[in-house]
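Each remark here refers to the structure printed beneath this line.
The values are calculated or read from the model by the stated rules, or taken from the named source; none is laboratory data. What you are looking at is a predicted structure, and each value in this text was computed from that prediction instead of being measured. Reconstructed Cβ throughout: ideal geometry from the backbone, glycine too, with neighbour counts over all protein chains shown.
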Amino acid sequence: MSQRIESPRLRLGVLGIVAIALFVALFARLWYLQVLSSESYLEAAEANRIRIVQVEAPRGRILDRDGTVVVDNRVSIVVTVDRVRFADLEEPERMDMLRRLADELTRYGSPATVDQLIDRVNDQRYSRYAPVPVAEDVTEELKIYIEEHEALFPSVAVERVAVRRYPFGTRAAHVIGYVGEINDEELEERQNKPKTYIRGNQIGKTGIERIYEDDLRGMPGQTAFEVDANGDPVRILEDLSTPPIPGDDVWLTIDIETQALAEDLLAQALEDARNRRVSANNLPNRGNAGSVVVTDPRNGEVLAMASFPVYDPGDFINGISSKEYEYLTSKEADAPILNRAIQGEYAPGSTFKLFTGMAAMASGLRTPDQTINDTGAFTIEGCRGEQCRFRNAGSKAYGIVDMRRAMTVSSDVYFYSIGADFWDARGRLGEEALQEVVRRFGFDQETGVPLPSEQDGRLPTPQQRKEQYDANPGLFAERNWYTGDNVNMAIGQGDVAVTPLQLANGYATFANGGTRYAPNIALKVTRSGSPETVKRSFEPRINGRVDIDPTQRQAMIDGLVGVTTREGGTATSTFSDFPNDTFPVAGKTGTAQVNGKADTALFAAFGPAQDPRFQVTIVLEESGFGGTAAAPVARALFDVFAGVAPMPEIQPGGALVEPPPADGEVEPGTDLESPASRLDQIAEGGAD
Amino acid sequence: MESFAGRWPGTTRAGSMRRNPAAPWRHVDLLLLGSVVCIALIGTLMVFSSTRGAEPGVADTSILERHLTFLAAGGTVMALVTMADYRRFRDWAPIFYIGVCALLLGVVSPLGSEVNGAQAWFQLGPIQLQPSEFAKIAVILGLASLGAHFGNDIDVRRLAVLLTVPGIPLVLIMLQPDPGTAIVMVALTMGILVVAGVRAKHIAALSLVGLTAVVGLLSSGFLEDYQKDRLTVFLNPSAGLQAEAYNLNQSKIAIGSGGVLGKGLFNGTQTQLDIVPEQHTDFIFTAVGEELGFVGAATLLVLFAIVVWRVWRIAQLSRDQLGVLLCVGVLSMLVFQIFQNAGMTMGIMPITGIPLPFVSYGGSSTIALFAGVGLVQSVHMRRFT
């Protein structure tokens, strides 16, 4: 009987123990989840409820050195098509939709055809992830219409996007560069930047836009949405949302008026070259391309950097078609995309004589006063045959010339002899004695200007020639270096190549007494909307020094000033009525021969000679004589720098006009003509 | 109090209540009652929190109102059951049992409505009736009555008779199919059988059969795929149907992210943003865990433990086998449902559609569970009479 009573009690006890065990298990699990691993679950819960949407910040502006806005932003209304949704549309709905869209675009003032729309949707240059823009800068009315008739336009969206605005059109396009959609490679590179990038963001592709990307790019903001289980936003989380911060403004060293003037003069000079008659045995001038660089020799600041032909950075707004881009990079169009000031490599011709001359004096091969008799031709000693005779341009004989006179009249013979002497003295001075001095002026290396894709030019050496030949024996005709190679190099020919900026920088280095600056293109970075808050400023950067003997320098300056002032100077007639007494210009013409093309016309100069503040370099492809084609450009610029001519004013759109006279009255009968047309009034100079 | 007490059955017969220390009304287990009321209060808050909607300023109270109605109905049923002498249920058990079986048969017929893949409801206008919830009470009554009748000597033949009691509704419930309620039915049957005196070897054999049945069920085509996944996803949360693994994971995130003190009432992001599914019904424990934290969830578990302890104690104190077995049935049902429900939200038990007693929203379940508590109270109050 007792067992009968005990048994149920025992069994009830078992049940109790089971219940206790189960509760213990629940408590243990609860402790584990809520106390031990709470942190990771909390993170997961946060990630669950929050979706963050990036808000692009306006890009910083680009200003010229005086604060004139050269690039800013505007709003563009863009019609886009979502490719994925578009692909999901059934026929005939897809074609009907495109037809409707084309009709409405046309009706609202943005003419489009169905074929054009299809081309845009299928254009491979657009990212696969972002909607494809099919029409840009449409009207507000069209935006409203499409939004109100959403159902009629599946896969179509209309958005407002901030795009670059170029108040002066194509002005300084090569310096500024352009922006475009970030590509995979750039995205990868910039993963860890504080200013984060996502697909579809704009990024500077070339020029200032690219080099100062980190400054110009705004800090993207974010909007944090709390979302429900379907991912639909419930509300905005203000604590986690941050407003976008506009990018910083970059101030250029460029003066936009000087820039525009240089560009107009360049275009005009090339046009004049094209129209110039040439003698029958010369190739016709194509005058197709060129560059003008203006720098301040005192600090290396670039005041103007022009390249021709120009392109319109506005073409890159909302993306550029492959066809357009192909055109901009094509040889037939002379690759307008190139910034010839840093990417064009040219034989410097006689402008190189400055450096040959300085090398000769520095190495003791010549004194300033040492003379030779220029008979119009130079023959390498102990060498017979036509290949050993080197002539002046036009076989002109200049008679007894010293260093000064040789520069002034551009005696090739004088410098031929220097080239030959360098090679003859190689036992004492070394094989590369000439190149070494020239290199100190910045040749054969990048100038260090903060612009992308700068070329470094060429300065051939015996060593280099050997190596090239040994590497590709079939490709090069010659392994050895001869006296003739030095002779050619001495006058800036024979495979010597420089960029216009290198040449400008070499002249500036000489002009300031031997300090070689890395040219600066930007002055400072200031906070958006607060020009007084300087975040970065770019001080002059010294890249090297050249020891220049003052006597030798003075002799050289005399020779260079003679170019623009003395009887027989190669640019004397161009500077005939220039105030040479108060603002003497030291310059050198150059006419470089190019195989199968008309000569490259060059002119490099600085002024005022006693205290140089401006360095001007002009390179005109296939344009003939440097004195004829290039020097007038410098003259027109120096007219403004010397105060003889007024600095023109730049109009919205980029056109230059003569400023009204100081008294405010426009003289009756005077047209407000293009300043570049003044080139025609500047007397054209003589030869090389 | 006087007028209320005057309506108790038996008390009127005894004349003045004050003079009768054995009067049932003096033996209401206040701790049990208080704990259940506290649990129901927490449940009400959590039902409101998980159904009030995300719109700031405007709270949706429609579900709350219905829940309060269910609680009122449940309380009324509990009071009525409490007032009745549990020994009289022995007579009513067959009628109740047959009625419930008929309803279960009806629900799998075209008369029933299907929700979430299980045909378990009658749609009566605005009210949904889930007969399987009442079937649990009917089975408790039937098993306890029969078990008490058999006494402690239960041989194979008597065992077979006992097993038919849960067997019939079990088959009908599996036809819905509603594996969750079926498992609860199995659990409470096992509890009663153990205490009723079924021999240990029979219990072992039954367990083996039960295990085989579960494995067979999972490998057969009887359950829908999603039901199988729900049952097995907790074993391997990274596998299974995406949605089931997702739900289980979100449930664990909700509880885990609550931490020690919780995010505060109405502040649980998982709860307020409807990230956890079925949150006012089967997954309500996640709302408790997220918003009230370990402190709140543990308090709730402690309250449950008190309820379970009281029911166990009442079973011990019961004057007859019928009372013991009734309490054991309710106890087994409660323990299993609590463990199963809270365990599933924390990833230690399979996902089944079982409500958390007194907390989850749901009319039939609430009424059935309160009726169960009423039964236990009735046993407690009449231990001297």
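Some notes on this structure:
- Pick from region B:146-162, criterion buried (at least 16 other Cβ atoms within 10 Å of the Cβ) and free of Cβ contacts under 8 Å to residues at least 40 places away in the same chain, ranking: farthest from B:A118 (Cα to Cα): B:R158
- Of the residues in region B:230-238, not one is at pLDDT 75 or above and among the charged types (D, E, K, R).
- One residue alone among B:S109, B:S113, B:S49 is small (G, A, S) and either buried (at least 17 other Cβ atoms within 10 Å of the Cβ) or under 30 Å from A:I236 (Cα atoms) (or both), and that residue is B:S49.
- Residue match in region A:132-148 (condition: buried (at least 18 other Cβ atoms within 10 Å of the Cβ) and aromatic (F, W, Y)): no
- Residues (among the aliphatic types (A, V, I, L, M) and buried (at least 24 other Cβ atoms within 10 Å of the Cβ)) located in region B:317-333: B:V324, B:L325, B:L326, B:V328, B:V330, B:L331, B:M333
- Residue match in region B:283-303 (condition: touching a residue at least 60 places away in the same chain (Cβ under 8 Å), among the hydrophobic types (A, V, I, L, M, F, W, C) and not in a helix (DSSP H, G or I)): yes
- Any hit, region A:27-43, residues being among the hydroxyl-bearing types (S, T, Y), surrounded by 18 or more Cβ atoms within 10 Å (Cβ to Cβ) and free of Cβ contacts under 8 Å to residues at least 60 places away in the same chain: yes
- Elements of type helices (runs of 4 or more DSSP H) contained in region A:1-109, each with 2 or more residues being acidic (D, E) and within 14 Å of chain B (Cβ to nearest Cβ): A:38-49
- Only one entry in A:A280, A:A224, A:A260, A:A267 is crowded, with 20+ Cβ neighbours inside 10 Å and either among the small types (G, A, S) or in a helix (DSSP H, G or I) (or both), namely A:A260.
- Check on B:L265, closer than 21 Å to A:V234 by Cβ, touching a residue at least 60 places away in the same chain (Cβ under 8 Å) and within 7 Å of chain A (Cβ to nearest Cβ): no
- Selection of region A:343-384 for residues being among the aliphatic types (A, V, I, L, M) and within 25 Å of A:G596 (Cβ to Cβ) yields A:A347, A:A377.
- Of the residues in region B:222-229, none is assigned to a helix (DSSP H, G or I), within 14 Å of chain A (Cβ to nearest Cβ), modelled with pLDDT under 85 and surrounded by 20 or more Cβ atoms within 10 Å (Cβ to Cβ).
- Taking region B:318-328 as the range and being within 11 Å of chain A (Cβ to nearest Cβ) and part of a helix (DSSP H, G or I) as the test, the residues that pass are B:Q321, B:V324, B:L325, B:C327, B:V328.
- Among residues of region B:243-254 that are within 11 Å of chain A (Cβ to nearest Cβ) and within 13 Å of B:Y226 (Cβ to Cβ), those with a Cβ under 7 angstrom from a residue that is surrounded by fewer than 21 Cβ atoms within 10 Å (Cβ to Cβ) and at pLDDT below 85, sequence gap 6+ or separate chain, pair up as B:N247/B:P277.
- Lone qualifier among B:T385, B:T299 - being more than 14 Å from chain A (Cβ to nearest Cβ), among the polar types (S, T, N, Q), surrounded by fewer than 23 Cβ atoms within 10 Å (Cβ to Cβ) and more than 14 Å from the chain's Cα centre (by Cα): B:T385
- Some residue of region B:362-378 being hydrophobic (A, V, I, L, M, F, W, C) and in contact with a Pro (Cβ under 8 Å, 6 or more places away or on another chain): yes
- Test for A:R171: is it at pLDDT 90 or above, within 26 Å of A:P243 (Cα to Cα), surrounded by 14 or more Cβ atoms within 10 Å (Cβ to Cβ) and not aliphatic (A, V, I, L, M): no
- Filter result for B:S332 (within 16 Å of the chain's Cα centre (by Cα), among the hydroxyl-bearing types (S, T, Y) and away from chain A (no Cβ under 11 Å)): no
- Against the test of being more than 22 Å from B:V376 (Cα to Cα), out of contact with any strand residue (DSSP E or B) (no Cβ under 7 Å at 6 or more places or on another chain) and either surrounded by 14 or more Cβ atoms within 10 Å (Cβ to Cβ) or touching a residue at least 12 places away in the same chain (Cβ under 8 Å) (or both), the options B:L129, B:L170, B:L143, B:L211 yield a single qualifying residue, B:L170.
- Scan region B:188-208 for residues that are assigned to a helix (DSSP H, G or I) and under 18 Å from B:V139 (Cβ atoms) and the total you get is 11.
- Out of B:G43, B:G34, B:G74, sole residue that is farther than 19 Å from B:L331 by Cβ and small (G, A, S): B:G43
- Looking across region A:470-518, just one residue is surrounded by fewer than 20 Cβ atoms within 10 Å (Cβ to Cβ), in a helix (DSSP H, G or I) and of a type in the set (A, V, I, L, M, F, W, C), and that is A:A471.
- Qualifying residue in region B:305-316 (condition: in a helix (DSSP H, G or I), on the phi < 0 side of the Ramachandran plot, surrounded by 24 or more Cβ atoms within 10 Å (Cβ to Cβ) and more than 23 Å from the chain's Cα centre (by Cα)): no
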